[in-house]
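Structure first, commentary second.
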Amino acid sequence: METEKIKEIVLGRIDKLSDFEKQWIGMNNHGWYNRYLLDYVDTDDYSDDMWESFWFHSSFGQSYLRNQSLAKKFLSCEKKMNHVMDMMEDRKTWYATKADTIKSLHARDKLTQNVMAFIVSSMRKQDFNIFESYTKDPLFDSGSIVQFRSNIGVDAVVQESRWGSNKQHVQYYGSSKTTLRELKGKTLMVLGESPPLGGKCYANAYAHKDRQGGSRLYRVLPIGDTKVYVVVEKFLKKCRTKAVKDARK
């Protein structure tokens with residue numbers, strides 16, 4: 001994209017911010033590219049390479065529309081907001097998520113779409129993947145008959161691990177290769193979305209793809225089995241074989 005077009009787009013997006021939004025973003029910004037843009041004046045003479053970097057790396061460049069769309073959907077329903085934040089908190093490992101900041105702004109009626117989009121743009125990859133996956137609508141309803149995709153891989157199934165004198169501590173990891181092999185060819189019924197795990201989860205949080213889904217977790221039951229598994233949305237697909245008709249009888 002030509003430099004003049006980039007300047008027009010990114011500066012136009014900043015001009016749309018209210019005074020409060022500019023102030024809050026400025027105070028909570030930790031990125032150099034955002035800072036250069038927020039402090040920009042007409043006399044600044046940035047190079048073409050710098051403007052290209054603004055496009056690729058700032059909050060007002062190539063990811064702006066995606067983040068705005070996610071922010072709008074997230075803010076559309078308070079029930080959804082609470083659910084997304086609960087799942088982000090439940091699946092964090094060591095570091096704080098943005099949930100407390102979001103709740104504080106919402107309580108003060110300061111959580112605008114622009115502020116939320118900026119928060120989304122500054123999330124760590126793990127947090128963003130969980131945020132996006134739970135902000136988007138689920139691909140499967142309770143009772144859906146599914147199978148694993150052919151690319152089933154690491155952390156497609158999340159397994160509980162307990163430790164301590166009374167097994168009082170619980171953590172979650174990706175399952176063993178043996179478990180993956182056993183489940184790969186089976187037909188499964190979705191029992192519903194997995195509730196909060198209640199322990200640190202070290203399994204990978206996968207990025208969301210519109211047709212495949214993302215890191216949302218479901219409880220599934222293999223047809224003819226009694227053991228329930230927690231599986232990742234990204235690796236599931238609807239089953240269209242004869243087993244579907246048999247399972248619904």
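Please go through region 140-179 and give me each residue that is touching a Phe, Trp or Tyr at 6+ places or on another chain (Cβ under 9 Å), modelled with pLDDT of 90 or more and hydrophobic (A, V, I, L, M, F, W, C), ordered by number.
Selection gives PHE140, VAL146, PHE148, ALA156, VAL157, VAL158.
Select from region 42-83 the residues that are over 20 Å from THR97 (Cα atoms) and touching a residue at least 60 places away in the same chain (Cβ under 8 Å) and list them in ascending order.
Passing the criteria: none in range.
Check TYR134, TYR64, TYR95 and return the single one that is surrounded by fewer than 18 Cβ atoms within 10 Å (Cβ to Cβ) and touching a Lys or Arg at 6+ places or on another chain (Cβ under 9 Å). Step through it out loud before you land on a result.
Details: TYR134 fails: surrounded by fewer than 18 Cβ atoms within 10 Å (Cβ to Cβ); TYR64 fails: surrounded by fewer than 18 Cβ atoms within 10 Å (Cβ to Cβ).
Result of the check over TYR134, TYR64, TYR95: TYR95.
I want to confirm something. Restricting to region 141-172 and keeping residues that are β-branched (Val, Ile, Thr), out of contact with any helix residue (DSSP H, G or I) (no Cβ under 8 Å at 6 or more places or on another chain) and surrounded by 14 or more Cβ atoms within 10 Å (Cβ to Cβ), which single residue is nearest to LYS237 (Cα to Cα)? It would help to see each step written out before you state the result.
In the first step, residues of region 141-172 are kept if they are β-branched (Val, Ile, Thr); the result is 145-146, 152, 154, 157-158, 170.
Applying the additional criterion that residues be out of contact with any helix residue (DSSP H, G or I) (no Cβ under 8 Å at 6 or more places or on another chain) yields 146, 154, 158, 170.
Okay, now just the ones that are also surrounded by 14 or more Cβ atoms within 10 Å (Cβ to Cβ), so 146, 158, 170.
Working: VAL146: 5, VAL158: 17, VAL170: 29 Å.
Checked region 141-172; the qualifying residue nearest to LYS237 (Cα to Cα) is VAL146.
Which one of these does LYS16 not meet: (1) touching a His at 6+ places or on another chain (Cβ under 9 Å); (2) exposed (fewer than 15 other Cβ atoms within 10 Å of the Cβ); (3) in contact (Cβ under 8 Å) with a residue 40 or more places away in the chain?
Checking LYS16 against (1) touching a His at 6+ places or on another chain (Cβ under 9 Å); (2) exposed (fewer than 15 other Cβ atoms within 10 Å of the Cβ); (3) in contact (Cβ under 8 Å) with a residue 40 or more places away in the chain, the one that fails is (1).
Starting from region 143-154, take each residue that is over 12 Å from LYS186 (Cα atoms) and list its partners that are β-branched (Val, Ile, Thr) and at pLDDT 85 or above, counting only C-beta distances under 8 angstrom and pairs at least six apart or across chains.
Hits for this filter: GLY143/VAL190; SER144/VAL190.
The values are calculated or read from the model by the stated rules, or taken from the named source; none is laboratory data. If you're wondering where the values come from, they're calculated on a predicted model, not measured in any experiment. Backbone-built Cβ (ideal geometry, glycine too); neighbour counts: all protein chains shown.
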